[in-house]
Amino acid sequence: MLLYRWRDGGRQPGALALHFRGPSKIGAIHVHRFAKGCLKPGATSLATAYGQGKRQVATVSAFRHALPIAVRKPLLALFDARRRVKWLERRAQRVVEKFESGGVPI
């Protein structure tokens, strides 16, 4: 079993370490396109960015694991901020509607 893990891991000593992840099976060009697609307006998660893309070569989970952590963390923070903005907009809209109907004193 360890022999196969070592061979599949590129015959590197690190392949036998716990939590070793082999090389990505997705080409770098596809990962770059996916990362750029995450920056499009309206993408609030990796899944929505994946859905906006054209003919994907892998699953959203495969893209998530293929993204380097230095790229994935800022993208996830961006998605979190976009979802928070949407929540704040809905909250402000409810308050303004309540104000218009006379529910909030001046």
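FYI, it's all coordinate maths here, none of it is from the lab. Since the model is a prediction, treat every value here as computed from it, not as a measurement. Don't worry about glycine lacking a Cβ; one is built from the backbone with ideal geometry, like all the others, and counts go over all protein chains shown.
Relative contact order of region 25-100: 32 percent, from C-alpha pairs under 8 Å at least 6 residues apart in sequence.
Kindly count the pairs of lysines across the chain whose alpha carbons are less than 18 Å apart, treating pairs on different chains or eight or more residues apart as eligible. Final tally of qualifying lysine pairs is 5.
Ordered by the number of other Cβ atoms lying within 10 Å of each residue's own Cβ, fewest first, THR48, THR59 fall into the sequence THR59, THR48. Taking 0.36 nm per residue of sequence separation and removing the Cα-Cα distance, the ARG90/SER45 pair yields an extension gain of 14.3 nm.
Cβ crowding within 10 Å, taken as a proxy for footprinting-reagent exposure, orders TRP87, TRP6 from fewest neighbours to most as TRP87, TRP6.
Close amide H pairs (under 5 Å, H built 1.01 Å from N) link THR44 with ALA49, residues at least 5 positions away or on another chain.
Based on the Cβ-Cβ distance of LEU3 and HIS65, what FRET efficiency does E = 1/(1 + (r/R0)^6) give at R0 = 35 Å, to the nearest 0.05?
Details: r = 24 Å, r/R0 = 0.70.
After rounding to 0.05, the efficiency reads 0.90.
On alpha-carbon atoms, Rg over Rh for the chain using Kirkwood Rh? Taking Rh as the inverse mean 1/r over Cα pairs, Rg/Rh reads 1.26.
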